[in-house]
Amino acid sequence: MPETLSVRLNRVRLHSIEVPESFATDDSFTVALDNHGEATHAHLRLDEALSEVASIATTNHYVRSGATERVPVIVHEAKPISGTLTVATAYGSESESVPVRITEPADAQGTVEIDASLVERTQRTEPAAGSTDAGSAGARSAGAPRTGTATASPPAGPTERRVAPSRGMALGGALALVLAGIVLVVIEQLAVVVGGLAIFLGAVAFGYFLLR
């Protein structure tokens, strides 16, 4: 709701004008012409400073006895500026002026303008989207051991290379033992055959001598 600048007409005497000591606003406002006496004409005028940012559609107003006429004052540009609003009656023979100050809107007072060069420098220094996460993930992958169920087998180390010859030697020794056993068996069998053959030849020789 627009703020109101109250003006009292004809309250003290005929054509008297009572205005506030000052008035301040940050937007369009209303001048309330409150007539306490006989019907009268009132004229409103903005000085040159206020006319730069505000305007009044109709400056001359007829106010009936006991009535209140509301006159809108449109503020086109809410910037800090000070001026005066003059109210005149009796065809300008009586007049009073009110110091009016236009201020910045409350929301504009808290606004901070950012230098474009600062924004550009910030954009250049900020890392690309996802680079931080990727770097962190890479650092975690490089610095922390994997705990997954499937892990790559480590390359063969010196211990495995020493184990391989040991297994070969064991297999060679076992094979040698088997061959030795086979040789012993063969030799034993051969000894039996040779012994039997010797006995047989001895018996033949003995029989031969007996028959002679």
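Remarks
- Other-chain or far-sequence residues with amide H under 5 Å of Glu94's (modelled H): Thr89
- Net length gained if the chain between Glu96 and Asp27 were fully extended (0.36 nm per residue, minus Cα distance): 22.6 nm
- Förster-model FRET efficiency, 35 Å R0, Ala106 and Arg70, C-beta, rounded to 0.05: 0.90
- DSSP beta bridges in region 3-109 [antiparallel fraction, %, rounded to 5]: 75 percent
- For Arg13 and Asn60, the FRET efficiency from 1/(1 + (r/R0)^6), where r spans their Cβ atoms and R0 equals 25 Å, is about 0.70.
- Full-stretch length increase - Ser6, Ala49 - with 0.36 nm per residue and alpha-carbon distance subtracted: 13.4 nm
Values quoted throughout were computed directly from the atomic coordinates according to the rules given, and no laboratory measurement underlies them. For clarity, every value in this text was computed on a predicted model and none was experimentally measured. Virtual Cβ from ideal backbone geometry, glycine too; neighbours counted across all protein chains shown.
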